[in-house]
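What follows is a set of notes on a single structure, which appears directly below.
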Amino acid sequence: MNNIPLFLIIIPLFTACLILLINFLKVPSILTKLISLSSIITILILIGFSTLNILIKKQIFIYNLGGWKEPLGISLHMDGLAWFSSLLGIIITLFGLIYSLKEKNYSFKFYFFFFILLSGMQGVILTNDIFNMFVFFEILSIASYILIAYSRENKAIKASFDYLLISSLGMSLFLLGIGFIYQGCGSLSLTGVGKNFNIANGIPPSMFQLAVSLIVVGIGIKAAFIPLYSWLPDAHAYAPTPISAILSGIMIKISFLAIWRIIHILEAINFQHFFLWIGSLTALIPVIWALSQTDIKKLLAYHSISQMGFIIASFGAGSSLSLTGSLYHLFNHAFFKSLLFFSAGAVIYATGIRDLRKLSELYKKIPSIAITSLIGALSISGIPPFNGFVSKILITTSLKEYPLPSFLIFLAGIGTVASFTKLMMIFFNREKAIQENLGNFSPNKIKKIPKALIYPLIFLSIICLLSGIFPSRIAQGISNFILLKDLAYPLKVYSPSNIGKSLTILGLGIFLYLLISTKRGKQISLALRKRELGLNNSLLLVLAGLVVFIIFMKVL
Amino acid sequence: MEFYLTFLLFLIGVWGMITKENLIKKIMGLNIVDSAIVLFFILIGHRQGSTAPIMEKGIKDVVDPLPQALMLTAIVIGICLTALALALVLKIDKKYHTLNISQIEKLSQNE
């Protein structure tokens, strides 16, 4: 049983190699797909086997690589949090794989890098060695750079290059942070670092602050909070659809969970509180840009950042309820965001158009996609009875003591509703798009959507609904089994006041949508769209972010 | 003293990444940052007057071998990244016919 963590990393790597081998032997490509599917299902079964031991018996699987024990060797740990994120990652990847199977453009190279990405993801989650974590982060990143550029369109390559430079700078900062930690305590395993690397053990405070800031900013570039997110919209928007869903659905969260673990191990409580502010700003600011977007996938990408803001802010509050809310929202966001990306991908597949303004009345042509998108949009906007409602209520309840962050989050919720109303208009509006002289879009050209694209959408919609209907079970489960804490007070999510709150946000959001669809609103949107940060400014912002973090650590 | 010089090297690399307009120079900046970090790690493990950690008879005073082992990994990763980045630059050059970042950004916005 203890070697399950090892298999979770090895199986995808092995599959990747096998796919290469099969291609050299010129075997029909259906075998590639079969092997990919069976490998992911094997991993799912392995995680299923470990459920009982990890969640009920509270056991931690520890595997020492090469037989070397902890302070010297690298070990893999699988505890509740790792089990949770690993399972979430595998489920989203499975849906991504099913979605990509029907696409003919994806050659064996796509599946090769797909599995390298999966392996890197599992590695980051499971490893208990900070340098090893760096290596897995790099594996994950290199695979994702290649997958983002996979379509070889101009913008995709540009986005991939931007991401590469920004993220490499971040990884260098992370490595520098590891250097300080090693200098301070002579240990690299997270357990050893937690024991020895703290101010009480004679580490100079300035060194501790510097190391924590470097590490948080380094990983934070992948977790995309303010001011480090500028690479994300392009990279997630121009990647192939299954990859967009995986990047938005799970990769940014895995980076965030790595920060979560490191902050908990280093016991940087002050720092955790800082995330309350970072998170609430991250929730609000990208929404403003999201409102102005006309590209379907770019709008969704901006919302990924914004929803990460909800998760991060709730993590920053630090009580057991808010941590549960944070994990719950992380879980929900993984599902509804991949649902939305898959739906957007299906719309683009069917029509060949990714500009919101050119599409209208799609409800009649592709009703199934319209319904799944609607479910995704209701979930992300926090409308009962879908899952986004539950986790947003948990988050707002737990942030009650902090008036300003909860106000920012309230505003972000309104913006979310408005921009998803805008998105939904492509299905339900009657207005002819031709008015804006954007070229004719003839409804007859719509391609038929294959079933393989629709099955993942249906499954994801069902999950979105189910995790919204049984809120207290899941919340209790998360807090008891994964965070190992009891929820402070009984939950009552579906109370009239909560539903009223969500309906208020809905009303205000629709009002905001009407405002931005006026002529003046469209002018402002155009001006905002043009104001995107270039590569140089994004790199500069990384440094500025680092300075802000260091100063903040000094002040507290 | 050595630490300050390494830090200076790091800053030079970051400066190159941020201010240079040419994509290849930006990648060079990234490489300089990587080298600075390698030097930093080697300095962490270094002690005055000690020898390389090849444990034969009679050798007592050795430097810490772990940072050196870590840096071997980091250098390999750095090479992979550079190769990938240069490959992407090649593609960018084919599509946009320029390597100047501000021109590329202007072109990609007008698309």
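The values are calculated or read from the model by the stated rules, or taken from the named source; none is laboratory data. These figures come from a predicted structure and were not determined experimentally. Here the Cβ positions follow ideal geometry from the backbone for every residue, glycine too, while neighbour counts run over all protein chains shown. Areas reflect the complete protein model, heavy atoms only, side chains present, ligands, DNA and RNA absent. Shrake-Rupley method; radii C 1.70, N 1.55, O 1.52, S 1.80 Å.
Among the residues of the stretch A:3-53, which ones are surrounded by 15 or more Cβ atoms within 10 Å (Cβ to Cβ), in contact with a strand residue (DSSP E or B) (Cβ under 9 Å, 6 or more places away or on another chain) and of a type in the set (S, T, N, Q)? A:SER50, A:ASN53 - these are the residues of the stretch A:3-53 that are surrounded by 15 or more Cβ atoms within 10 Å (Cβ to Cβ), in contact with a strand residue (DSSP E or B) (Cβ under 9 Å, 6 or more places away or on another chain) and of a type in the set (S, T, N, Q). Go through the stretch A:99-120 and give me each residue that's more than 12 Å from every other protein chain (Cβ to nearest Cβ), among the aromatic types (Phe, Trp, Tyr) and surrounded by fewer than 24 Cβ atoms within 10 Å (Cβ to Cβ). Selection gives A:TYR106, A:PHE108, A:PHE110, A:PHE112. Among the residues of the stretch A:121-139, those identified as farther than 19 Å from A:GLU70 by Cβ and within 12 Å of another protein chain (Cβ to nearest Cβ) are A:PHE137, A:GLU138, A:ILE139.
Criterion applied to B:ILE59, B:ILE18, B:ILE44, B:ILE75 was being touching an Asp or Glu at 6+ places or on another chain (Cβ under 8 Å) and free of Cβ contacts under 8 Å to residues at least 24 places away in the same chain, and the one residue passing it is B:ILE44.
Screening the stretch A:232-303 for helices (runs of 4 or more DSSP H) wholly inside it with 3 or more residues that are open to solvent by less than 10 Å² (accessible area, probe 1.4 Å) and in contact with a Cys (Cβ under 9 Å, 6 or more places away or on another chain) returns no ranges. Can you run down the residue pairs with Cβ atoms below 8 Å, 6 or more apart or on separate chains, where the first is in the stretch A:27-45 and closer than 11 Å to A:THR93 by Cβ and the partner is open to solvent by 60 Å² or more (accessible area, probe 1.4 Å) and among the hydrophobic types (A, V, I, L, M, F, W, C)? Taking only residues 6 or more apart or on different chains, the pairs are A:SER39/A:PHE14; A:ILE43/A:PHE7.
From A:ILE157, A:ILE146, A:ILE199, which residue is free of Cβ contacts under 8 Å to residues at least 12 places away in the same chain, of a type in the set (A, V, I, L, M, F, W, C) and open to solvent by 10 Å² or more (accessible area, probe 1.4 Å)?
Going through A:ILE157, A:ILE146, A:ILE199 in turn, just one is free of Cβ contacts under 8 Å to residues at least 12 places away in the same chain, of a type in the set (A, V, I, L, M, F, W, C) and open to solvent by 10 Å² or more (accessible area, probe 1.4 Å): A:ILE199.
Please go through the stretch A:50-107 and pick out each residue that is polar (S, T, N, Q) and touching an Asp or Glu at 6+ places or on another chain (Cβ under 8 Å). A:ASN64, A:SER75, listed by residue number.
Among the residues that make up the stretch B:79-96, is at least one of them surrounded by fewer than 18 Cβ atoms within 10 Å (Cβ to Cβ), more than 22 Å from A:ALA156 (Cα to Cα) and hydrophobic (A, V, I, L, M, F, W, C)? Yes: the stretch B:79-96 contains one or more residues that are surrounded by fewer than 18 Cβ atoms within 10 Å (Cβ to Cβ), more than 22 Å from A:ALA156 (Cα to Cα) and hydrophobic (A, V, I, L, M, F, W, C). Checking each residue in the stretch A:74-97 for being in contact with a helix residue (DSSP H, G or I) (Cβ under 6 Å, 6 or more places away or on another chain) and either open to solvent by 50 Å² or more (accessible area, probe 1.4 Å) or assigned to a loop (DSSP other than H, G, I, E, B) (or both) picks out only A:ILE74.
Taking every residue in the stretch A:290-307 that is at positive phi and pairing it with any residue that is surrounded by fewer than 23 Cβ atoms within 10 Å (Cβ to Cβ), at least 6 positions away or on another chain, yields no pair with a Cβ-Cβ distance below 7 Å. When the helices (runs of 4 or more DSSP H) confined to the stretch A:319-415 are screened for residues that are over 30 Å from A:ASN105 (Cα atoms) and open to solvent by 10 Å² or more (accessible area, probe 1.4 Å), those reaching at least 1 such residues are found at A:320-351, A:367-381, A:387-398.
Annotation: A:SER167 fulfils all but one of (1) polar (S, T, N, Q); (2) facing chain B (nearest Cβ under 7 Å); (3) surrounded by 23 or more Cβ atoms within 10 Å (Cβ to Cβ); the unmet one is (2). Could you figure out which of (1) open to solvent by 10 Å² or more (accessible area, probe 1.4 Å); (2) in a loop (DSSP other than H, G, I, E, B); (3) within 20 Å of A:VAL124 (Cα to Cα) isn't true of A:PRO227? Just one mismatch for A:PRO227, condition (3).
Scanning the stretch A:170-190 for residues that are open to solvent by 10 Å² or more (accessible area, probe 1.4 Å) and more than 7 Å from chain B (Cβ to nearest Cβ) returns A:PHE180, A:GLY184, A:CYS185, A:GLY186, A:SER187, A:LEU188.
Might you let me know whether the stretch A:526-544 holds any residue that is away from chain B (no Cβ under 14 Å), surrounded by 12 or more Cβ atoms within 10 Å (Cβ to Cβ) and touching a residue at least 60 places away in the same chain (Cβ under 8 Å)? Scanning the stretch A:526-544, I find no residue that is away from chain B (no Cβ under 14 Å), surrounded by 12 or more Cβ atoms within 10 Å (Cβ to Cβ) and touching a residue at least 60 places away in the same chain (Cβ under 8 Å), so the answer is no. Scan the stretch A:1-12 for residues that are in a helix (DSSP H, G or I) and farther than 16 Å from A:LYS109 by Cβ and the total you get is 8.
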